[in-house]
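Visitor: Structure below; questions to follow.
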Amino acid sequence: MIIPAVVPPLPRENKWSRGLPASAAFDWLRAGWQDIVDNPMPSLSYGLLVFLVSLAVVACFFSFGWDYILFPALAGFMVVGPLFAIGLYEKSRRHALGERIGLGRMLFVKPASGGQVLFTGVLLCLLMLVWMRAAVLIYALFFGLRPFPGLDHIVGMLFTTPVGLAMLFVGSAVGGLFAAFSFAISVFAIPMQLDKRVDALTAMGSSTALVWNNLPVMLTWGAIVLGLFLLSLATGLLGLIVVFPLLGHGTWYAYRAIAA
């Protein structure tokens, strides 16, 4: 009796790796800027809407006395940002096909995956709520039941006391983990669902794998996103009018370069 030899499967090329240099992230940014320049009104109008909605949310926080979660909420904006940028992805997708669309088409997008985009949005919103709750718990862990001192005194409390510095360190570390995780699962998930018929969990898993296997360029892109978002915060969110469309269009080109 002859026993057939068992031959192990040959190693296959990693389908997730694209081998792009870190400098490719700046090419995506330039391509996104070109999309704005070629047809500026829809993109800037979209950015203006995002700015107005963000301003309304901040005003609601102050009117209801929820200023203690303002900073976590602003950080959490980066978690759900890819969902709100779907209209910008659509404009870039159409632009690559030689079409010009207006704001109306950007606001009422029909993704290839249908309602799965909404499911992804729900998961991202839940992640944002978890981060906001974690931020409140971290504050309570270091300061106990002391009431929130208000935005006028929080900076001094954080940077001039040992407890404040410790909370700032721990909060930044925990927030960084949340930010890295949310960036990995969402950066390609929404563009992928716009472009292809794919379910939410598959899209988020694929996004994570693509980010992990292309770390140099994705870390560079993440640093660009963070830097421009902080710049927008420094301008009182006014910078979102330009920054949000720029990053939205740029993310589409990142998706086309890596995930498509």
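What follows draws every value from the coordinates through simple rules; no lab data is involved. Remember, predicted model here, so these are calculated numbers, not experimental data. All Cβ positions, glycine included, derive from the backbone under ideal geometry; neighbour counts span all protein chains shown.
Visitor: Taking Cα atoms, how many degrees apart are the long axis of helix 70-84 and the longest axis of the chain, rounded to 10 and kept between 0 and 90?
Guide: Between helix and principal axis, roughly 30 degrees.
Visitor: Provide the three semi-axes, in whole Å and in decreasing order, of the ellipsoid equivalent to region 24-258 as defined by the square roots of 5 times the Cα gyration tensor eigenvalues. Display every interim value, and only then the final one.
Guide: On the way: eigenvalues 208, 75, 54 Å².
Semi-axes (√(5λ), whole Å): 32, 19, 17.
Visitor: Mind listing the phi-derived Karplus ³J(HN,Hα) values for region 32-44, rounded to whole Hz, using 6.51, -1.76 and 1.60 with θ = phi - 60°, and x for any glycine or proline?
Guide: x, 5, 5, 5, 5, 5, 5, 8, x, 4, x, 5, 5
Visitor: A further question follows. Using R₀ = 30 Å, calculate the FRET efficiency as 1/(1 + (r/R₀)^6) where r is the Cβ-Cβ separation of Phe26 and Thr161; round to 0.05.
Guide: Working from the Cβ atoms, E equals 0.15.
Visitor: Roughly what angle does helix 240-258 make with the longest principal axis of the chain, taking Cα atoms, 0 to 90 degrees, to the nearest 10?
Guide: 30 degrees
Visitor: Give the angle, between 0 and 90 degrees and rounded to the nearest 10, that separates the Cα long axis of helix 215-234 from the longest principal axis of the Cα atoms of the chain.
Guide: 30 degrees
Visitor: Dipole size in debye (nearest 20) for the chain around its Cα centre, Lys and Arg Cβ +1, Asp and Glu Cβ -1? Display every interim value, and only then the final one.
Guide: Details: 15 positive and 10 negative charges, 103 e Å.
Here the size comes out at about 500 debye.
Visitor: Please compute the contact order of region 77-127 in relative form: average sequence separation of alpha-carbon pairs under 8 Å and at least six residues apart, divided by the residue count, as a percent.
Guide: Numbers: 23 pairs, mean separation 24.2, N = 51.
Relative contact order here is 47 percent.
Visitor: Please give the length that would be gained between Ala223 and Asp38 if that part of the chain were fully extended, namely 0.36 nm times their separation in residues minus their C-alpha to C-alpha distance (nm, one decimal). Before the final figure, lay out the partial values.
Guide: Working: separation 185, 0.36 × 185 = 66.60 nm, distance 2.58 nm.
Between Ala223 and Asp38, full extension yields an extra 64.0 nm.
Visitor: Further question on the same structure: Which distance in nm do the two modelled labels at Arg18 and Leu129 give, with both placed 7 Å along the Cα-to-Cβ direction?
Guide: Roughly 3.4 nm, to one decimal.
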